[in-house]
Amino acid sequence: MFNIFLDDAAALVVVLPLLISAIIAFIPSKIWPWIISLVTLVLHLVLSLHLLKEISISGLIIYEFGNWEPPWGISFKIDGVNIGLQLLFSIFVLISTFYSRKIFLSEIDSRDSGKAYSLWLLAIGSLNGIILTNDIFNLFVFLEISALASISLIALGAGQNRKALLAAFNYLIIGAIGATFYVIGVGFAYAMTGTLNMNDLVIQLAQYSDGQLAIFAGMSFMLIGLMVKAAIFPVHIWLPPAYSYAPSAVSTLLAALATKTILYFFVRLLYEVFIIYPSYLSLFLDFVLYPLSLLAIFIGTLIAIYQDDIKKLLAFSSIAQIGYITLAFSLKDHSGITSGFIHIFNHALIKGGLFMAVGYFAILQKDRVTLTSLKGFGYKYPITSFALLICGLSLIGLPLTNGFISKLYLFQALYTNQMYFSIALVAISSALAVAYFWKIVEQMWFSEIKFKSEKEDAYIYLPIWIITVSVIVFGIYSSTIIEFSNLSADYLISGYQN
Amino acid sequence: MVGGLFIIITSQNYLKKVVGLAIFQTAVFVFFVSLAKVLDGTAPILTKMENAYSNPLPHVLILTAIVVGVATSALGLALVLQIYRNYETIEEKEIQSLELKSDK
């Protein structure tokens, strides 16, 4: 009986959250939507683990929807590139859902709980679809479902601060322009090749080996559209307000996973499909992505230093961290791609942990968390504050945390490519990251006022500490993440050689 | 296409931005459908005569994209309505000046 489900695991990880989300929207209870979501996501994790087992045996799963063979039907592809991300995704959504209940209860009307979790699962299902899909038009659909679900979730923050509405609206407009650009690109690609399947696209594109203007136009449109969605530097403006005015639980989910999944697809498109035009690819990577990443790292960090609102500070630091990831991916070799994937994993954990801790502070003081309001929190709420400290140190890249592993591999990759200028810039911006994080630490532990410690909620600090412990564990025993990232890079690079 | 984008960028009114977005998206849909046309093609229905027929796939894709577009417009309009209820205006400049005041 159960085997029937396991056979379709690849489809079910996406379909299950989407189906359940349609059902729980109508449950008026406060607690049942949360319980049902948790059960769904436990099943989701089981299915992901099953996929991992299958992949370790066969190395590749292509799931054909309705048994329509690709390139005619839509297919999902799971291989070494995305299995690591799938696992991380599955584990993280489970933890953040566990965390989200108390946060949602205090930030939104409890009668809306069912609807909020419905949107929550909708976002999870569609983001998972982005990880697995092997069809460029199908990606657009998932991209839009996830965008609409997250926009609605962000707008739920309006109960706290009406600016959330403006943030959501801006995200809607900018995101929809990005997605439409992507569709224009898909149109060009389809007109030239007559296919939407990514594997088939590579084969069909190969016949235009000299390159046609229409294809390059299409590729550029697709890449620009995805850059908007992934918040790569000059088109990132929707991100900081959206993350900082969203309800805290939502910021956690979005900051940790939403941009990461799109970045993953971006890289896959670059190294799996567009690699057959090496000259175009290196033009894009060297003269567009590489300088933009450096700018993102530098400007993101600088703006973060001048932020007073902690969630906004974290959002701008996200811009800088996305810059590190794209910098690594712009290196065109195995070490670069590996370090990019390592940072995707590590940054998802770090930012998730930070947003969780800050979100808890926000509901404790029932106001937005600013620098001054954090005074003495290190003594008032020691358990959560300590978790925040560890995640923050990891963000800077201190040894024994997973942030250090990311930085180490990034430096190695840059060194083998002899990019000494970028090494200097990354080092400087890491030092600047100390500046903005130190401001927080100073307020929390070294202010004049001393507080007695107060009771903290175990339902909330437990998930925060699970993330924090994993930050340390993956900093010391980093081999798991490095292996998964190596695997991803191996698969992408082997496609490059064929 | 460009017209829609122009409206989104230049107009100060949030409602007009949503409309601009809809125009922009519709233009892309028309572009897609125009790709499907095969010269002298007919509708893709099996008949006894051998006919060249237009490619139905882009139409199907665009059906999906239209649904997405409708959802986007609906959510955009709902947000505009909520913004109006909270700020009593949907002009970008007025809202910005309101926000500046409330920050002080």
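The values are calculated or read from the model by the stated rules, or taken from the named source; none is laboratory data. Please read all numbers here as calculations on a predicted model, not as lab measurements. With ideal geometry, Cβ positions are generated from the backbone for all residues, glycine too; neighbour counts draw on all protein chains shown.
When the range B:44-78 is filtered for residues that are without any contact (Cβ under 8 Å) to a residue 12 or more places away in the chain and aliphatic (A, V, I, L, M), the ones remaining, listed by number, are B:ILE45, B:LEU46, B:MET49, B:VAL60, B:LEU63, B:VAL67, B:VAL68, B:VAL70, B:ALA71, B:ALA74, B:LEU75, B:ALA78.
Residues are listed down the side, and each one gets a yes or a no for (1) at pLDDT 90 or above; (2) small (Gly, Ala, Ser); (3) over 21 Å from B:ILE62 (Cβ atoms); (4) not in a strand (DSSP E or B):
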| position | (1), (2), (3), (4) |
| --- | --- |
| A:SER100 | no, yes, yes, yes |
| A:SER106 | no, yes, yes, yes |
| A:LEU121 | yes, no, yes, yes |
| A:GLY125 | yes, yes, yes, yes |
| A:GLY129 | yes, yes, no, yes |
| A:ILE154 | yes, no, yes, yes |
| A:ALA179 | yes, yes, no, yes |
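So, in the range A:23-66, how many residues would count as being of a type in the set (S, T, N, Q), farther than 22 Å from A:SER488 by Cα and within 23 Å of the chain's Cα centre (by Cα)? Qualifying residue count, the range A:23-66: 2.
Considering every residue within the range B:78-98, establish whether at least one is more than 30 Å from A:ARG162 (Cβ to Cβ) and either surrounded by 17 or more Cβ atoms within 10 Å (Cβ to Cβ) or away from every other protein chain (no Cβ under 11 Å) (or both). Within the range B:78-98, not a single residue is more than 30 Å from A:ARG162 (Cβ to Cβ) and either surrounded by 17 or more Cβ atoms within 10 Å (Cβ to Cβ) or away from every other protein chain (no Cβ under 11 Å) (or both). Per the conditions (1) in contact with a Gly (Cβ under 9 Å, 6 or more places away or on another chain); (2) more than 11 Å from every other protein chain (Cβ to nearest Cβ), the sole criterion not satisfied by A:VAL141 is (2).
May I ask you to say which residue of A:ALA191, A:ALA176, A:ALA168, A:ALA155 is surrounded by fewer than 24 Cβ atoms within 10 Å (Cβ to Cβ), of a type in the set (A, V, I, L, M) and within 7 Å of another protein chain (Cβ to nearest Cβ)? Being surrounded by fewer than 24 Cβ atoms within 10 Å (Cβ to Cβ), of a type in the set (A, V, I, L, M) and within 7 Å of another protein chain (Cβ to nearest Cβ) holds for just one of A:ALA191, A:ALA176, A:ALA168, A:ALA155, which is A:ALA191. How do the helices (runs of 4 or more DSSP H) wholly within the range A:1-65 filter down when requiring 1 or more residues that are under 20 Å from A:ASP112 (Cα atoms): which remain? Passing ranges, in order: A:9-24, A:32-58.
Would you check if A:LEU213 is away from chain B (no Cβ under 14 Å) and in contact (Cβ under 8 Å) with a residue 40 or more places away in the chain?
Judged against the criteria, A:LEU213 is not a match.
The set of residues from the range A:45-62 being surrounded by 19 or more Cβ atoms within 10 Å (Cβ to Cβ) and either of a type in the set (Gly, Ala, Ser) or touching a residue at least 60 places away in the same chain (Cβ under 8 Å) (or both) comprises just one member, A:SER48. Criterion first (within 18 Å of A:ALA433 (Cα to Cα) and not charged (D, E, K, R)) does A:ILE297 satisfy it? Answer is yes for this residue.
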